[in-house]
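Written out below as structure tokens is the structure these notes cover.
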Amino acid sequence: MPELTKIKCVACRGDAPQVTESEISEYEQQIPGWEIVEYEGIKRLQRSFEFPDFDKAIAFTNLVGKLAEAENHHPAILTEWG
């Protein structure tokens, strides 16, 4: 199983093969704090982060956006106060 931090992201397509339960078990060990949720029949990774103030939350969101753009992979991101 490759180390996730060393491979390039390949954006999902509708016809792309999904990871197996065995692969999920192995990959989960590399992504502590993340959870797999199912939405409209599709498994997705999800994680929540908390910050001491909104300014730091926005800075984090912008950093994730830059990384996502570099990977050509654009996740759903929700940034909110409170």
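Evaluate the following for Val10: is it open to solvent by less than 100 Å² (accessible area, probe 1.4 Å) and in a loop (DSSP other than H, G, I, E, B)?
Values: open to solvent by less than 100 Å² (accessible area, probe 1.4 Å): no; in a loop (DSSP other than H, G, I, E, B): yes.
It is false that Val10 is open to solvent by less than 100 Å² (accessible area, probe 1.4 Å) and in a loop (DSSP other than H, G, I, E, B).
Just the residues that are assigned to a helix (DSSP H, G or I), over 13 Å from the mean Cα position of the chain (by Cα) and β-branched (Val, Ile, Thr), please, taken from the stretch 28-82.
Ile58 - this is the single residue of the stretch 28-82 that is assigned to a helix (DSSP H, G or I), over 13 Å from the mean Cα position of the chain (by Cα) and β-branched (Val, Ile, Thr).
Being of a type in the set (D, E, K, R) and either surrounded by 10 or more Cβ atoms within 10 Å (Cβ to Cβ) or in contact with a strand residue (DSSP E or B) (Cβ under 9 Å, 6 or more places away or on another chain) (or both) is the filter here; which residues of the stretch 53-65 pass it?
The answer is Lys56, and nothing else.
Which of the residues spanning the stretch 7-35 are closer than 26 Å to Asn62 by Cβ and at pLDDT 85 or above?
Gln30, Ile31, Pro32, Gly33, Trp34, Glu35
Only residues that are among the charged types (D, E, K, R) and surrounded by 11 or more Cβ atoms within 10 Å (Cβ to Cβ): list them for the stretch 26-52, please.
Glu26, Glu28, Glu35, Lys43, Arg44
Quick one: which residue in Glu71, Glu23 is touching a residue at least 40 places away in the same chain (Cβ under 8 Å) and open to solvent by less than 70 Å² (accessible area, probe 1.4 Å)?
Sole residue among the options that is touching a residue at least 40 places away in the same chain (Cβ under 8 Å) and open to solvent by less than 70 Å² (accessible area, probe 1.4 Å): Glu71.
The values are calculated or read from the model by the stated rules, or taken from the named source; none is laboratory data. On a predicted model such as this, the values are computed, not experimentally measured, just so you know. Don't worry about glycine lacking a Cβ; one is built from the backbone with ideal geometry, like all the others, and counts go over all protein chains shown. Surface areas here come from the heavy atoms of the whole protein model, side chains and all, with no ligands, DNA or RNA. Shrake-Rupley method; radii C 1.70, N 1.55, O 1.52, S 1.80 Å.
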